[in-house]
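Worksheet for the structure shown next.
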Amino acid sequence: EAGVTQSPTHLIKTRGQQVTLRCSPISGHTSVYWYQQALGLGLQFLLWYDEGEERNRGNFPPRFSGRQFPNYSSELNVNALELEDSALYLCASSLDRADTQYFGPGTRLTVL
Amino acid sequence: EDQVTQSPEALRLQEGESSSLNCSYTVSGLRGLFWYRQDPGKGPEFLFTLYSAGEEKEKERLKATLTKKESFLHITAPKPEDSATYLCAVQGTNDMRFGAGTRLTVKP
């Protein structure tokens with residue numbers, strides 16, 4: 001069974017640009033979560049989507065947004081990139097909110 | 001507010017030297033406590049889920065235990081390939097909250 005997939009693997013952008021990251025959950029999973037992990041820091045919760053709706057968001061500015069599609073895949077959009085947005089962006093999926101979250105390999109974003 | 005604290009921050013062991021990692025938590029309405037392993041630059045790999053105090057789970061050289069205030073990840077006779085960062089997370093009535101992790105290095 002395929003795990004969570006994310007694309008692209010790596011991305012280099014400059015300040016002020018916009019970026020879109022993509023995530024496909026494990027088949028059958030309806031909940032998708034996004035996390036930011038800056039170098040040397042812990043995982044910070046960004047967004048949670050379930051059944052196509054945004055259910056919760058972490059303490060991040062509105063320029064971090066996303067959506068979930070009818071097939072449960074998801075996109076994370078970051079506008080007006082700043083240097084401190086450089087991080088590993090991780091997507092996870094679960095069957096249900098309280099269930100185990102399974103993570104994808106991540107997208108490494110570098111902002112120059 | 002839900003909190004997760006892992007200790008120690010870093011741990012260096014000799015191959016075969018058993019030890020334990022600690023995860024202390026405060027959470028409203030624990031729905032699950034999760035252990036993950038993360039290699040540098042990669043996504044966390046799921047290890048265990050514990051749901052209630054007294055529960056234990058084992059996998060190869062790893063054993064996770066849970067009390068009402070903390071969880072331990074016991075590593076028995078570790079090997080160099082066990083070197084990684086081990087993350088603890090709790091799911092309460094709010095979001096999943098992750099600890100900062102314990103960076104484990106096992107020397108041959």
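Checking every one of the GluC sites (Glu not before Pro) in segment B:52-82 against DSSP loop status and a limit of 10 other Cβ atoms within 10 Å picks out B:Glu60.
Which of B:His74, A:His29 has the fewest other C-beta atoms within 10 Å, and how do the rest follow up to the most?
Ordered from fewest to most neighbouring Cβ atoms within 10 Å, B:His74, A:His29 come out as B:His74, A:His29.
Between B:Lys42 and B:Ala10, the simple label model (points 7 Å from Cα in the Cβ direction) yields a spacing of 2.1 nm.
When B:Lys69, B:Lys63 are arranged by Cβ crowding within 10 Å, least crowded first, meaning fewest neighbours, the order is B:Lys69, B:Lys63. Grab the beta carbon distance between A:Gln18 and B:Glu60, set R0 = 41 Å, and tell me the FRET efficiency rounded to 0.05. My answer for the efficiency is 0.40. If the segment from B:Ser52 to B:Glu81 were pulled out straight at 0.36 nm per residue, it would be longer than the present Cα-Cα gap by 7.5 nm. Taking 7 Å steps out from each Cα toward its Cβ at A:Arg63 and B:Thr26 produces label points 3.4 nm apart. Among A:Ser65, A:Ser7, A:Ser94, sorting on how many other beta-carbon atoms sit within 10 Å of each Cβ, with the fewest leading, yields A:Ser7, A:Ser65, A:Ser94. Within the shell defined by Cβ-Cβ distances under 14 Å, the residues around A:Glu54 carry a net charge of -1, with Lys and Arg each +1 and Asp and Glu each -1. Volume of the convex hull of the protein assembly as shown (Cα atoms only), normalised per residue: 120 Å³. Seen from B:Ser24, the other residues with C-beta closer than 15 Å to its C-beta sum to a net charge of -1, counting Lys and Arg as +1 and Asp and Glu as -1.
Calculated from the alpha-carbon coordinates, chain B shows an Rg and a Dmax of 13.2, 42 Å respectively.
Separation of segment B:37-77 and segment A:1-77 by C-alpha centroid, Å? Going from one Cα centre to the other spans 25 Å. In the protein assembly as shown, with Lys and Arg counted as +1 and Asp and Glu as -1 at Cβ, which of these residues, B:Gly92, A:Thr30, B:Gly41, has the Cα nearest the positive end of the dipole, that is, farthest along it? Most positive-ward Cα: B:Gly41.
Readers should treat all values here as calculations from the given coordinates under stated rules, not as data from a laboratory. All values reported here derive from a predicted model rather than from experimental measurement. Here Cβ is always computed from backbone atoms with ideal geometry, including for glycine, and neighbour counts include all displayed protein chains.
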